[in-house]
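Trainee: Before we start, here is the structure in question, set down as structure tokens.
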Amino acid sequence: MNLGTSLTVAAKELMVVRRKKSIIYSIIVLPLLVSVAFSLYINQAAAAASGIPSDISLGLDSITYFFVVLAAVLPASIAAYSIVGEKVEKSLEPLLATPVTDGEILLGKSIAAFVPPMLAAWAGASIFMADTDFATHDLLSYYYFPNWTSGVMLLLLAPLAAIFSIEMAVIASSRVSDVRAANQIGGLTFIPFMAVFLAEATSLIALSIVNLLIISGVVLVVDLALFFLSAATFRREEILTKWR
Amino acid sequence: MIEAENLTRKFGDLTAVDNLTLRVDEGEVFGFLGPNGAGKTTTVRMLCCLISKTSGSARVGNYDIGSQEDAPKIRKIVGLVPDNVGLYESLTAYENLDYYGKLYKRTQAQRKERIEYFLKLLGLWEKKDAMAGTFSKGMKQKLAIARALIHDPRILFMDEPTANLDPESAKTVRDFILELKKEKKTIFLNTHNLDEAQRICDRIAILNTRLMSVGTPDELERSVRGTTTVIQLRRVNDAILDALKRLQVRNMVREDRKLMVEVVDPEEENPAIVHAIDAAGGEVVSVSVVGSTLEDAYLRLVRERRE
């Protein structure tokens, strides 16, 4: 496996994606919108809290967790486009006729689907956290962010969620011949992460560090299983003889 | 350069390629003729190590297509123009070629030189910054050929390169293949265009799941026994027809004042036919001999397989 080759594939994918305005907008706008909306909410809540710190800190972790949900949603559109798009343009066969290995192609496409959405999610989360610190410092007398909980969420669980989303999109891409259909199927990957969000909102679970590590562990195991499945799906022979 | 022995590929119960044995020499333009579903694309895919074989063996440039180790080496020395051009439509012509140059590990200078050479040669240089999606079919096909040649491969596999092209674009592609022939590239050309095969191929194989025949276009034409003698008469009457029937000619067909008679040896049989017509009071205007064509050979071989 040659990382340089995968980066060449990734660079090409990003060049194509850059020209697909709808994908770019969805990746940039959604995290930005979420961060601005939550920042406004926090600013308002801080103004109304009248010096009751517990009111203000309540819900900050669940809002941060929302960026994990975003990390599970955003990569699907690039991953689906980069594979089903090639299927539609029938450009996979000449690509597969080059000395590039299946793994290098898959890794390149995964890098392209992983990097922009993760950067966008982290950027959105950073805006939210900076604004929150600014708005709540006087009430809390300390900066709420960064903390270990947000660290586990954004640096461990969010990337694992993004990988989950990419692998699901690869598997879905082998079964559909339409970018929108693959996008929709890939987009469903947010459901398990949203379920955790709702479970926390209804006090079924707490987003403690221990719980987050357990969830991350589960997602890691699922990611590993999906890795082997997606690698088995993305093989020359399979693509040319079985993909619809 | 390419050698296959009993090469077979099955998809479940369906045999797509059955015991194919052939040899393609270096610098040869080898035509692979066959109807749709004959196994031409499957053969090319096996030889390019895109799909595996079920049984048999094949070597491409002395590398074994069945070896995991040799597969990348084969892909380095071959170029493929698939039946669907498969360009990145939202990338420019230049970017399409540059991407492939990078995948084949060519330096920036090499890529620049090759891209400029091919785009100028194929009349696409002015369009180098235009999105491939805006190109006509002919332009796309030319770009796909340039892409397959960007790494200077020893063997070029072309799958129906002129299918769906207008006559002018098809001619450009054919002329380009003849240029490549001068550069001593080995070209494996899948086609069902008999005229094209006859014009540009050194040898032709006819495939219909199994290899039906292989040879030069002339050899294949000669492989169909029998020619037709066409006799134009001033008039045709029953006495002439009876006289020819008495000669026991095979497959006589009458078209107004023209008689077409199947003969095996025209030099031996035609004088007797003309003499019989003359003796029956007929007046011969002209006599011509129509030989068998590559089309005759192709159709006969394909029908034989069907029957």
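This table checks each residue for (1) more than 14 Å from chain A (Cβ to nearest Cβ); (2) over 24 Å from B:ASP202 (Cα atoms); (3) touching a strand residue (DSSP E or B) at 6+ places or on another chain (Cβ under 6 Å); (4) not in a helix (DSSP H, G or I).
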| position | (1), (2), (3), (4) |
| --- | --- |
| B:GLY101 | no, yes, no, no |
| B:GLN110 | yes, yes, no, no |
| B:GLU126 | yes, yes, no, no |
| B:LYS142 | yes, no, no, no |
| B:ALA146 | no, no, no, no |
| B:ASP152 | no, no, no, yes |
| B:MET158 | no, no, yes, yes |
| B:THR172 | yes, no, no, no |
| B:LYS184 | yes, no, no, yes |
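Trainee: Output yes when any residue across segment A:44-52 is within 27 Å of A:PRO116 (Cα to Cα), part of a helix (DSSP H, G or I) and at pLDDT 80 or above, and no when none is. Walk me through it before giving the result.
Mentor: Here is the first cut: in segment A:44-52, the residues within 27 Å of A:PRO116 (Cα to Cα) are none.
Taking every residue of segment A:44-52 in turn, none turns out to be within 27 Å of A:PRO116 (Cα to Cα), part of a helix (DSSP H, G or I) and at pLDDT 80 or above.
Trainee: With the structure loaded, tell me whether B:TYR117 is away from chain A (no Cβ under 12 Å), of a type in the set (Phe, Trp, Tyr) and at negative phi or whether it fails that test. Walk me through it before giving the result.
Mentor: Numbers: away from chain A (no Cβ under 12 Å): yes; of a type in the set (Phe, Trp, Tyr): yes; at negative phi: yes.
The answer is yes for B:TYR117.
Trainee: Which of the following residues is in contact with a helix residue (DSSP H, G or I) (Cβ under 6 Å, 6 or more places away or on another chain), surrounded by fewer than 22 Cβ atoms within 10 Å (Cβ to Cβ) and not small (Gly, Ala, Ser): B:LEU80, B:LEU97, B:LEU122? Break it down into steps so the answer makes sense when it comes.
Mentor: Working: B:LEU80 fails: surrounded by fewer than 22 Cβ atoms within 10 Å (Cβ to Cβ); B:LEU97 fails: surrounded by fewer than 22 Cβ atoms within 10 Å (Cβ to Cβ).
Only one candidate qualifies: B:LEU122.
Trainee: Shifting gears a bit: Can you pull out the residues in segment B:148-172 that are within 16 Å of the chain's Cα centre (by Cα) and closer than 14 Å to B:PRO82 by Cβ?
Mentor: B:LEU156, B:PHE157, B:MET158, B:ASP159, B:GLU160, B:PRO161, B:THR162, B:ALA163, B:ASN164
Trainee: Here is a further query. Does A:SER110 satisfy being within 13 Å of chain B (Cβ to nearest Cβ), buried (at least 24 other Cβ atoms within 10 Å of the Cβ) and in a helix (DSSP H, G or I)? Explain how you work it out, then say what you get.
Mentor: On the way: within 13 Å of chain B (Cβ to nearest Cβ): no; buried (at least 24 other Cβ atoms within 10 Å of the Cβ): yes; in a helix (DSSP H, G or I): yes.
The answer is no for A:SER110.
Trainee: Among all residue pairs at least 6 apart or on different chains, which show Cβ distances below 9 Å where the first residue, located in segment A:194-216, is of a type in the set (Asp, Glu) and the second is surrounded by 12 or more Cβ atoms within 10 Å (Cβ to Cβ) and part of a helix (DSSP H, G or I)?
Mentor: A:GLU200/A:ASP61; A:GLU200/A:SER62; A:GLU200/A:TYR65; A:GLU200/A:ASN211
Trainee: Run B:ASP18 past the list (1) part of a strand (DSSP E or B); (2) acidic (Asp, Glu); (3) within 12 Å of chain A (Cβ to nearest Cβ) and report the number of the one that doesn't hold.
Mentor: (3) is the only condition that B:ASP18 fails.
Trainee: Can you find a residue that is of a type in the set (Asp, Glu) and surrounded by fewer than 18 Cβ atoms within 10 Å (Cβ to Cβ) anywhere in segment A:78-89? Steps first, please.
Mentor: We begin by selecting, within segment A:78-89, every residue of a type in the set (Asp, Glu); these are A:86, A:89.
Those still in the list that are surrounded by fewer than 18 Cβ atoms within 10 Å (Cβ to Cβ) too: none.
No; the residues of segment A:78-89 include none that is of a type in the set (Asp, Glu) and surrounded by fewer than 18 Cβ atoms within 10 Å (Cβ to Cβ).
The values are calculated or read from the model by the stated rules, or taken from the named source; none is laboratory data. Here the structure is a predicted model, which means the values were calculated and not measured. For neighbour counting, all protein chains shown are included, and Cβ atoms are generated from backbone atoms with ideal geometry for every residue, glycine included.
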